[in-house]
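Just so it is clear, none of the values below were taken in a lab; they were calculated from the coordinates. If you're wondering where the values come from, they're calculated on a predicted model, not measured in any experiment. Here the Cβ positions follow ideal geometry from the backbone for every residue, glycine too, while neighbour counts run over all protein chains shown.
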C-alpha cells in the first residue's frame, strides 16, 4: 500500500474499471477532480452543455457497451438538472456511476452557495446514493458503486464528492484493486419445472417479450420457447426482433392494443417486461388467466400481477433452462403445437398486411404522415443502422415499419422524460464509431435535448437526427382527444401547440447542417444527403399534426 491523493485515487479506480470516457458538465466544486484528470490522458472528458444531455449521452454509451458509464456533474444545481435523465436511466436499468461535486464538508453547515442535500435529491432516481464522509472510504465506496450499478436490476448510482475529501489522502495500491464484475443470479430449478408444466398444459398461451431480453441475448431462448408452443408474441423491439414471424404486435407505453388478444388466452408468459399496469377498474389480464413471470429483478414479480409461477434470475440462463424443460414435457405432442403455430403465423402475417395497407392509405398525404417518413428511412438506411426512438406518438410507427427493429439495433426508453433521444444517439455513436446511428425524435422531445447536437458537432460524430415535427405536444393532444371533455368538444388544446420554431436554424447554430422536408417526394433526396455526410446532420420533417398514432382517431381538423 502507498499514500495517494484521493483525487488521483478516483482516476486510478476508473482506469482499473476499464473506463474510457467521463461524460460531464464542470463546475467549481469539481476543481480537485478536474485538476487531477489532467494527469490521466487515457481518460477523456466528454463535455455536454446541460446535465440532462450529459446523462442521456452516458445512457447511450452504457446501453451500447453493456458497461457502466461514468458521469461528472456540478453540485446541487447540476444534480437537479440531471434528475430527469437519471429517471430514464433508472427505468431502463442503465448501469451508470454519477459523481457530483460538493462544497467542502467544513463549511456545509453554513449553507454555502451551490450546496444542498444532493444524496437525498438523487435517491428517488438511483439505486444507491451516498456522500463520501472521509477520504479513507473512497476505494470501498467507488468500487461498491460500480458493483451496485452492474448487479441486476442494473441502474445508476450517485456519489457526492466533497471538495476537501478529494484533497485528502488514501492508502491505495492500484495493483491490488480488483475491478467489479457482472454477478448473475441463477433461477431455482424447481420454479423452472413448475413454469414449464404450466406452459405445457396451456391451451391458449400468449407471450409478452420485454426490453430486459436484450441483455446477454436472452431473446434467443425465448424465441425457441415461443416456437415450441406456437404462441403469439407481443414484443418490445428493444428486447425481441419485431419481425420474428410469430410477433403479432409491438409493446410500448400504450397497452390498449393488448386488450383484444388478452381477452382470449388462458396463460400469459411475461419475460423481461416491466410495464404491465393492471388497472383494478379495468383489468388488462383477467383473474382466471395463469401468469408465468420471469425477470432478473425480484421486485417485479408480483408487483402488479399475481404470478402463478415467478422465476427470478438472469434471463438468458433461465429461459434456456425453461426451453429444455419444456422440450421434454412437450415430447410426443408436437403435432398439437404445430397447429397452434400455424394459426399464430397466419395472425402475425395478417397484422403485417394490415399495417402495410394502413401505410399505403397515408402514402401521399401532405403534411407528411409519420408512418411514411419511417418507411422512407427503412428503405434507404442500411440494415445494420442503429435506431434511437424518441418519436413519442410516432414511436409505434417506428416499431411497425423499421424492418430491422430488434435487440442491439433499436433503442427506446421506458422513463418518458423528454430530451433523451439525441443524447442517447451521441453516446451510442461514441460506443460504435463504425456504425451509423439515427435518432428519430419528436419536435417537443428534440427541444428538451437539443444541446447534445453541440457535442456531436464538436466530436464530428456521424449521427443523423430525424425530427418529426407535428408542431405540438402530440401525446397530450392524444390524451385530451381520448378524454372527450371540453378541450375535445371545442377543439382547444391548452399549451400543446408550438408553431414557428426554425429547427434548421437551431441545428446550424450548434454547427450541424440541416434540411427541412415538407412533401413526401422530398424525403428520399434528404435522407440520401444525410447518409453522405461525414459529420452530424439534422433532417427536419413537417408531419401531419392530426395523425396521433396507429389505432387513434386523430386530432380533429
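Hey, for a label at residue 460 modelled as a point 7 Å past Cα toward Cβ, could you say which residues of segment 12-48 have their backbone N under 15 Å away? What the label zone holds, given the 15 Å backbone N cut-off, is no residue at all. By the Stokes-Einstein formula, at 1.306 mPa s and 10 °C, segment 364-509 with its Kirkwood radius over alpha-carbon pairs has D equal to 99 µm²/s.
For the pair residue 358 and residue 501, a Förster radius of 25 Å applied to the C-beta separation gives a FRET efficiency near 0.30, rounded to the nearest 0.05. Based on Cα atoms of segment 493-557, Rg over Rh with Rh as the Kirkwood radius reads 1.05.
How big is the Rg/Rh ratio for segment 291-396, C-alpha atoms only, Rh by Kirkwood, two decimals?
When Rh is taken as the Kirkwood radius, the ratio is 1.11.
Its residues counted as N, segment 189-350 yields a C-alpha radius of gyration over 2.2 N^0.38 Å of 0.94. How much length, in nm to one decimal, is gained on full extension between residue 490 and residue 177, taken as 0.36 nm per residue of separation minus their Cα-Cα distance? Full-extension gain reported as 106.1 nm.
Working note: Debye formula, equal point scatterers on the alpha-carbon atoms of the chain, no solvent; log10 I(q)/I(0) at q = 0.08, 0.09, 0.10 Å⁻¹ is -0.57, -0.72, -0.87. Tell me the label-point distance for the pair residue 31, residue 508, using the 7 Å Cα-to-Cβ offset, in nm and rounded to one decimal. Those two pseudo-labels are separated by 4.2 nm.
Binning the C-alpha pair distances of segment 244-331 at 5 Å intervals from 0 yields a P(r) profile of 3, 12, 21, 24, 22, 13, 4, 1, 0 %, listed from the shortest bin outward. Here the contact order of the chain, divided by its residue count and restricted to Cα pairs under 8 Å and six or more residues apart, works out to 14 percent.
The sum of -39500 (n - 2.57) across all DSSP H runs of n ≥ 4, divided by the residue count of the chain, sets its helix-only mean residue ellipticity at 222 nm to -12000 deg cm²/dmol.
For segment 325-381, take the alpha-carbon Rg, divide it by the Kirkwood Rh, and send me Rg/Rh. Rounded to two decimals, Rg/Rh equals 1.32. Length, then width, then depth: along the principal axes, the Cα atoms of segment 8-154 run 42, 33, 30 Å. Over all Cα atoms in segment 86-233, the spread is summed up by Rg and Dmax: 22.0, 68 Å. Centre-to-centre separation between the Cα atoms of segment 418-480 and those of segment 225-297: 29 Å.
Once the Cβ-Cβ distance of residue 217 and residue 45 is raised to the sixth power relative to R0 = 30 Å, the FRET efficiency obtained is 0.35.
Annotation: the residues 467, 285, sorted from fewest to most other C-beta atoms within 10 Å of their own C-beta, follow the order 285, 467. A straight chain from residue 533 to residue 114 at 0.36 nm per residue would run longer than the Cα-Cα distance by 146.7 nm. Here the relative contact order of segment 362-542, from alpha carbon pairs under 8 Å that lie six or more residues apart, stands at 25 percent. Fully extending the segment from residue 169 to residue 521 would add 120.2 nm, taking 0.36 nm per residue of separation and subtracting the current Cα-Cα distance. Note: relative contact order over segment 189-350, using C-alpha pairs below 8 Å and six or more positions apart, is 32 percent.
Counting neighbouring Cβ atoms within 10 Å and putting the fewest first, the residues 40, 401 line up as 40, 401.
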